[in-house]
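Chemist: Take this structure first; my questions come after.
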Amino acid sequence: MSRRIFLVGPRGSGKSTVAAVLANLLGWQWVDADTLLEQRAGRTIRTLFAEEGEASFRQREADLLEELCQQEELVIATGGGVVLRDDNRERLRRGFVVWLCAEVETLWQRIAGDPTTAERRPNLGSGGREEVAQVVASREPLYREVAMLTLDSGQLSPKELAQQIAEAWRTHFGL
């Protein structure tokens, strides 16, 4: 039985918000993998992309994921692109994986309403709503591949999402 829950999904899907609520509900710890990676590097992801390139960032992300896979009673809000590497998808399978999805418009509104996003996160394509649609379309099969549970974060509150995840995790492991 895994006592580790990974939240995957695109930027703006609510992974960090839901992780905090879920961890509180379960009495576990939680971590935002992107924030931890930035803290350890002493730089934002945007700066890491600019200075080291995406490949270097993705290796840092994979190394951190491997480290987090050694911990128990932990809810991990992953970076949106963690699913891009085969080895990361294998690592995710060591836990209970929840894909938080939402409509492109919902994601875009959340991203546009977060002033820190532009400062901390790199553009992954054309920028704007079009970028969100492109990223969602390209990563959706990968999220679907690893997900044990899929929830629409545009339709439910963080508390409702956390309750459904906790219930599904308990049911999955017969608790």
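Chemist: What net charge do the residues around residue 70 carry, taking every other residue with its C-beta under 11 Å from that of residue 70, with Lys and Arg at +1 and Asp and Glu at -1?
Modeler: 0
Chemist: Can I ask one more? Please state the relative contact order of the range 47-161 as a whole percent: Cα pairs under 8 Å, 6+ residues apart?
Modeler: It rounds to 32 percent for the range 47-161.
Chemist: Which order do 142, 36, 100 fall in if you start with the one that has the fewest other Cβ atoms within 10 Å?
Modeler: Going from least to most buried by this count: 36, 142, 100.
Chemist: Around residue 20, what is the net charge, scoring Lys/Arg as +1 and Asp/Glu as -1 over all other residues with Cβ under 13 Å from its Cβ?
Modeler: Within the 13 Å Cβ shell, the charges total +1.
Chemist: Here's a follow-up. Give me log10 I(q)/I(0) at q = 0.25, 0.27, 0.28, 0.32 Å⁻¹ for the range 11-56, Debye formula, one equal scatterer per alpha-carbon, no solvent.
Modeler: Log10 of I(q)/I(0), two decimals: -0.89, -0.94, -0.97, -1.08.
Chemist: Then there's this: Given just the C-alpha atoms of the range 43-108, how large is their convex hull per residue in cubic angstrom?
Modeler: Expressed per residue, the convex hull around the Cα atoms of the range 43-108 is 115 Å³.
Chemist: Just name one of 156, 138, 112: the one whose Cα is farthest towards the positive end of the charge dipole of the chain (beta-carbon charges, Lys/Arg +1, Asp/Glu -1).
Modeler: 156
Chemist: Semi-axes of the equivalent ellipsoid for the chain, please: Cα gyration tensor eigenvalues, times 5, square-rooted, ordered largest first, whole Å.
Modeler: Whole-Å semi-axes of the equivalent ellipsoid: 24, 19, 15.
Here, each number is a calculation from the coordinates, and none is a lab measurement. Fair warning: this is a prediction, and the values are worked out from it, not measured in the lab. Backbone-built Cβ (ideal geometry, glycine too); neighbour counts: all protein chains shown.
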